[in-house]
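Input: a single structure, listed below in structure tokens.
The values are calculated or read from the model by the stated rules, or taken from the named source; none is laboratory data. Everything quoted here is computed from the prediction, not taken from an experiment. Glycine also receives a Cβ, built like all others from the backbone with ideal geometry; neighbour counts cover every protein chain displayed. Protein only, heavy atoms only, side chains kept; ligands, DNA and RNA dropped before computing areas. Shrake-Rupley method; radii C 1.70, N 1.55, O 1.52, S 1.80 Å.
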Amino acid sequence: MERVPTNVSDEFYIGWEAKAAPGIGKTVRCAVIAVLALALLVPVVLAVSQRMIGVSVFEWGTQKTFSGVLQTQPYPHLLVPRPGVNEKHTLQSVLFSPAMFSTYHLVAPWKFGLNRAAIAPLDGKSVTLKGTLIYRGSQTMIETKPEWIRPNEKTPNSASLPQSVALGKQTLTGEIVDSKCFLGVMNPGQLTPHRACAIRCISGGVPPVLLVRQKDGPAIYLLLVSADGKAVNKQVLDLVAEPVEITGEVERQGELLILRADPVTYRRVK
Amino acid sequence: MGVNYTSVQWNRQKKLYDAVLVGGVAAYLVAFSVLTKLLFPRVTDEIMLIRAFGTAAFVLLHIILCIGPLCRLNPRFLPLLYNRRHAGVTCFLIGLIHAALVVITYHAGSDTNPILSIFVSSPLNGSISGVPFQPFGFFALLILFLMAATSHDFWLANLSAPVWKSLHMLVYFAYALLVLHVTFGVLQGEGSPVYVGAVGFGLVTVLGLHIVAGFREAKADVSTETMNVLEGKTLTPRAADSPLNDGFVDACAVADIPENRARIVCLSGERVAIFKYEGKISAVSNVCQHQNGPLGEGKIVFGCITCPWHGYQYQPDTGASPPPFVEKVPTFNVRVKNGRVFVHPKPNPAGARAEPAQFEMVGTRSTASQT
Ligand code: HEM
Ligand code: FES
């Protein structure tokens, strides 16, 4: 026998030959089975480990009609009277009994808030509008357009509209989310993967919300406004989708919680 | 390479390869989507698909990157390399679908141009979770696009093999960008250690295989180099064997080379493949003109050196492909004396004939055992 290195098998693969040598064929079949097993195992593991997908709904493709009182401050929303709730309100009833109105945040399609100038004449008026419902937990929102909002004959009883109740100065830690995506248009719609989208939405006028997650109990949503109660969309962009701590005056207006603080005092934590 | 060029373009092996490729990708996408939908019925479909396609492309890139070192460690894996370019193009297309869905979902319909938005919508704010991760994905996709667009042999010929090869080495840069893309992206959101573990496992596998394969190859090169250096410097014992003092270098023993195969030696920093066939020895450059495959790991088939990667063929004495093909590799002058092969380290022009060295089969054995 000629003395040749024996570790080289003489089988040789040529792709343009119809069939591979049996030994090579066997190795490759095993490799292919391993790769295909990987192609099934990896997606299963990754899909099961997802943690950020919550329970939220965007009734995409379904339009409904809503009637109520249009409010433009601090961010556009619609107050829809709840049937059968006591009209007389005291501090007690405002804080502890079911609100007399359901509150629907109002936003425009895509990554925009409602055009405030277009709806300003309807502020405080009874209106009927059509739009698509978005909801998560206790929070509800409607995607609509100014031209879909029509004034009603009825004049609302302004005395029964929810009044602001100051809840005092508080320090809260949470994440600034764009309310539209987080409440249902995108799920998951939070943290870094969604950051750029959230920044575009808030920049486009979607109300910025401080999402305070609680260990036990539902998350709390606070609309962010400046110390003098104005929209702060453009000032909060840098801190969107980041853990932040905000100290400010909290007030309740019907179902809405509002956090008044100067955005320059927001602090990134962790 | 057969003489019938069209049959090389599409053959049974390529069809098998692509069937497995497409089947595997489809299985991945279906498994991810169906399971996500079952476990989280409220998930947004676009985001589910963004994730299915993004992770599928990333996993496929890992597989593509592992094929190279696997083949260097064990040539039996070479069939996985045969049609790897289709895997590369597929990876680009899946990545493109991921990116297109991201642009439509996360960037379109805003106050900023959607492509510009990839770059400006995540302003730096000094925190790790705020690092804009999407531009990394964009540049990785750009590299994958360049590679996919130039993957055809037409470009290989037009760009010249070295340029093409360097362009395709960018895949490692693309991989690095994608590791950053997921590290600063989804890992900052999905807190699950499974995601961190999966990315780490992938990185360790890719790096580990490359290091092991590279280390082995370097060791093989060094051993022939040191052998040459040792024998060149301390010529005395074998000076008599060296035919003439004319620059030929003792490369190996005839008996070291299996019949119809080659031994790769490193001469003046260049790898040379020394083939033994039909009682003759010929040496050619180790670098295939097609995609720089290692010719010395090939075999003489139908009288031609056949590249282990895609089966391109060269005549051992001239280094030229048999007509009608035009690829040529440099040849080296060889001599056999006392059962040892001497090679002149200066290459002849590609395609220039070098007389094969004849050797006596019987003599080889006795000389071989005596050295
Ligand atoms: C223009 C190019 C790209 C953009 C804008 C982009 C954007 C994104 C975004 C926004 C996410 C987070 C998605 C989410 O979970 O909500 C993401 C995740 C990811 N991307 Fe990309 N990407 C691009 C290219 C690529 C390419 C080429 C690949 C792979 C070949 C890739 C692989 C991944 C992976 C593995 C993830 C993590 C899984 C996921 O969350 O989807 N990306 N990318
Ligand atoms: S590298 Fe493709 S055949 Fe040699």
Ordering B:TRP164, B:TRP309, A:TRP148, A:TRP110 by the accessible surface of their heavy atoms, 1.4 Å probe, largest first, yields A:TRP110, A:TRP148, B:TRP309, B:TRP164
Expected max-MSF residue from B:ALA198, B:ALA357, B:ALA174 in the GNM of chain B (alpha carbon, under 10 Å) is B:ALA198
Given Cβ charges of +1 for Lys and Arg and -1 for Asp and Glu, the option among A:PRO188, A:VAL269, A:MET100 whose Cα lies farthest towards the positive end of the dipole of chain A is A:MET100
Rounded to one decimal in nm, the spacing of the 7 Å Cα→Cβ label points at A:GLN163 and A:ARG213 is 3.8
Long-range share for the protein assembly as shown, i.e. C-alpha pairs more than 48 Å apart as a percent of all pairs, stands at 37
Here, A:TRP148 and A:THR62, labelled 7 Å along Cα→Cβ, have an inter-label distance in nm of 1.4
Candidates A:ASN115, A:ASN157, A:ASN187; GNM for chain A (alpha-carbon contacts under 10 Å) flags as most fluctuating A:ASN157
Taking every residue of A:15-24, the Cβ atoms of other protein chains inside 10 Å of its Cβ average out to 6
Sorted by chain and then number, the residues having a modelled amide H within less than 5 Å of the amide H of A:LEU167, at least 5 places away or on another chain, are A:VAL250, A:GLU251, A:ARG252
In the stretch B:275-322, the residues losing 50 Å² or more of accessible area (1.4 Å probe, heavy atoms of protein chains only) relative to their chain alone are B:LYS299
Ignoring ligands and nucleic acids, chains B and A bury, in total, an accessible area (1.4 Å probe) to the nearest 100 Å² of about 6300
Per-residue average of other protein chain Cβ atoms inside 10 Å, peptide B:73-81 -> 6
Share of Cα-Cα pairs in the stretch A:195-267 beyond 21 Å, whole percent, is 22
Helix A:22-48 sits off the longest principal axis of the Cα atoms of chain A, rounded to the nearest 10 on a 0 to 90 degree scale, by 10
Check: C-alpha center the stretch B:255-332 vs C-alpha center the stretch B:115-160, spacing in Å is 38
Dipole check, the protein assembly as shown, charges on Cβ (K,R +1; D,E -1), about Cα centroid: among A:LEU239, B:GLN13, B:THR44 the Cα furthest to the positive pole belongs to B:THR44
Convex hull around the C-alpha positions of chain A: the volume in Å³ per residue is 228
Going residue by residue through the stretch B:146-157, the Karplus relation 6.51 cos²θ - 1.76 cosθ + 1.60 with θ = phi - 60° gives ³J(HN,Hα) values, rounded to whole Hz and with x marking Gly or Pro, of 4, 5, 5, 5, 9, 6, 5, 4, 3, 6, 4, 5
For B:PHE92, the accessible surface traced by a 1.4 Å probe with all protein chains present amounts, in square angstrom to the nearest 10, to 20
The answer for the protein assembly as shown, accessible area per residue at 1.4 Å probe in Å², is 46
For A:GLY15, the residues 5 or more places away or on another chain with a placed amide H closer than 5 Å to its own amide H are B:GLY311
Relative contact order of chain A (C-alpha contacts under 8 Å, at least 6 apart) in percent is 17
Shape call for the stretch B:111-154, from the Cα gyration tensor axes a ≥ b ≥ c (a/c under 1.5 means rounded, otherwise prolate when a/b beats b/c, else oblate), comes out oblate
The longest stretch of chain A containing none of the GluC sites (Glu not before Pro) that sit in a DSSP loop with at most 14 other Cβ atoms within 10 Å is A:154-270
Expressed in nanometres to one decimal, the distance between label points 7 Å along Cα→Cβ at B:GLN358 and A:SER138 is 10.1
